[in-house]
Amino acid sequence: MNSFLTVRAFGSLDLDHAATIASLPASLRVVGAGQADIATTTPDLRSITAALAVSPKGLVVTQPALLDDAAIGILGEAAVPVFPALALAPRLRLLDTGATLASAGLVRSRLSWRGTIHEVLLEHLAGLEAVLGPISKVRILASSDNGHIGTAQTQGGIVVNWSGRIDTGQSDYELDIIGLSERLEVSGVLDGSARPLLVRHGTAGGLQQPHGIFETGLRCFWRAVVSDLTEGKAAPRWPDLSRLHALARELAALSSVHGEDAA
């Protein structure tokens with residue numbers, strides 16, 4: 001019995017994904033044809049349909065921000081777990097924020113992104129839910145051609161102030177979870193390098209700065225896919241991403257209308 005999962009690409013497999021899969025030889029092996037444990041697909045409907053036809057254990061969708069309504073509908077009916085390849089959320093899932101969130105009064109989050117308004121919104125919303133859990137009452141309060149500010153709320157009633165910029169020189173992120181007794185600060189550049197996010201945890205007892213994992217966000221993503229599939233934790237993630245995809249598109253359309261609710 002093989003200890004690794006086979007991966008078959010439908011549509012082109014970009015160099016970053018190919019290099020990441022190759023960096024995990026004990027866990028993943030690429031095959032050129034036939035049945036595979038994991039099918040990777042580009043966001044076009046033809047590739048997605050072909051990938052689902054081989055009945056993989058899981059489906060990885062690259063560039064999920066580019067999915068159209070038809071592709072989203074097909075993924076919504078998929079009988080296998082769907083893993084959208086995002087940049088920010090896999091890194092934020094590694095954070096242990098439970099204790100800090102329990103005593104938090106405010107969250108501040110900022111994402112600068114080299115891409116479109118829909119991409120920055122999707123990445124940001126997915127990242128927030130990865131670290132905060134489901135959010136609601138998502139609003140854009142003000143926007144310009146290359147930036148926006150908004151608010152949201154966690155299930156625990158914590159206010160989230162979030163902002164974003166697009167078409168910047170580099171993609172970077174800042175998160176600040178603020179409470180009366182402790183504070184968690186996270187920052188880092190999302191440039192595909194293996195540098196971990198910088199984390200500072202401050203309490204009355206002092207400041208701690210735990211060391212992160214030196215690997216790319218894409219490698220964090222693929223390790224999570226392997227873990228979910230091999231450990232039986234592979235619940236379909238697509239419904240949440242589908243909701244966030246629609247929310248990001250709605251917010252993008254409303255970005256010039258200040259103060260409109262989107263959820």
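For the structure I just gave you, tell me whether D167 is at pLDDT below 90, surrounded by fewer than 16 Cβ atoms within 10 Å (Cβ to Cβ), over 15 Å from the mean Cα position of the chain (by Cα) and more than 27 Å from P196 (Cβ to Cβ).
Details: at pLDDT below 90: yes; surrounded by fewer than 16 Cβ atoms within 10 Å (Cβ to Cβ): yes; over 15 Å from the mean Cα position of the chain (by Cα): yes; more than 27 Å from P196 (Cβ to Cβ): no.
No: the conditions fail for D167.
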(message) Take residues that are among the β-branched types (V, I, T) and tell me which of the strands (runs of 3 or more DSSP E) falling wholly in the range 1-95 contain 2 or more.
(response) 5-10, 38-41, 58-61
(request) Check whether at least one residue in the range 25-40 is in contact with an Asp or Glu (Cβ under 8 Å, 6 or more places away or on another chain) and under 28 Å from L247 (Cα atoms), and report yes or no. (result) no
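Out of all the residues in the range 49-64, which are of a type in the set (A, V, I, L, M, F, W, C) and farther than 13 Å from T6 by Cα?
A50, A51, L52, A53, V61
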(request) Please determine, by comparing only the residues of the range 235-258 that are open to solvent by less than 30 Å² (accessible area, probe 1.4 Å) and modelled with pLDDT under 75, which one is nearest to L141 (Cα to Cα). (result) S255
(message) Test of understanding: among L141, L207, which residue is modelled with pLDDT under 90, farther than 29 Å from A22 by Cβ and among the aliphatic types (A, V, I, L, M)?
(response) L207
(message) One residue is enough: does the range 107-117 have a residue meeting the conditions in contact with a strand residue (DSSP E or B) (Cβ under 7 Å, 6 or more places away or on another chain), modelled with pLDDT of 95 or more, open to solvent by 60 Å² or more (accessible area, probe 1.4 Å) and more than 15 Å from L244 (Cβ to Cβ)?
(response) yes
(message) As an exercise: evaluate A99 against (1) more than 18 Å from the chain's Cα centre (by Cα); (2) more than 23 Å from G179 (Cβ to Cβ) and give the number of the one condition it does not meet.
(response) (2)
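The values are calculated or read from the model by the stated rules, or taken from the named source; none is laboratory data. Note that this is a predicted model, so its numbers are computed, not measured. Because the Cβ atoms are built from the backbone with ideal geometry, glycine has one as well, and the counts that use them run over all protein chains shown. Each accessible area value is taken on the protein alone, full model and side chains, heavy atoms only, with ligands, DNA and RNA left out. Shrake-Rupley method; radii C 1.70, N 1.55, O 1.52, S 1.80 Å.
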